Amino acid sequence: MAFNNRISSFGSNDSGYESGIVEVFDEPPRPVIKNPDHTKEIARHRQHLMASELSRKDADDYQQDMLEHMLKMDVSNQSAINST
């Protein structure tokens, strides 16, 4: 399929007609992929991206809770170590 793009340049206002450069760009047709494995790979990749994003959001949400739990465990372990 040819796409005609007209680029007006060197136009003449006094002669009554427009002269210029005409460029034609032929774009090759894109190949149609009918490979079910390719479609599955794309879907799998999207699932991995979504899972990674959800994991990151969960980690952000629970980071403070995890830190508080670790501090409590550290304090309780220090008191057990000091008592022996």
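Results, tabulated for the structure shown:
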quantity	calculated
Candidate set: region 51-84, residues that are charged (D, E, K, R) and open to solvent by 100 Å² or more (accessible area, probe 1.4 Å); chosen: the one farthest from the chain's Cα centre (by Cα)	K72
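Yes/no per residue for (1) at pLDDT below 90; (2) touching a helix residue (DSSP H, G or I) at 6+ places or on another chain (Cβ under 8 Å); (3) of a type in the set (S, T, Y):
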| position | (1), (2), (3) |
| --- | --- |
| S8 | yes, no, yes |
| S15 | yes, no, yes |
| V22 | yes, no, no |
| P36 | yes, no, no |
| R44 | no, no, no |
| M50 | no, no, no |
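The values are calculated or read from the model by the stated rules, or taken from the named source; none is laboratory data. Since we're looking at a predicted model, the values are computed, not measured. Counting neighbours? That spans all protein chains shown, and the Cβs are built from the backbone with ideal geometry, glycine included. In case anyone asks, the SASA skips ligands and DNA or RNA and just uses the protein heavy atoms, side chains included. Shrake-Rupley method; radii C 1.70, N 1.55, O 1.52, S 1.80 Å.
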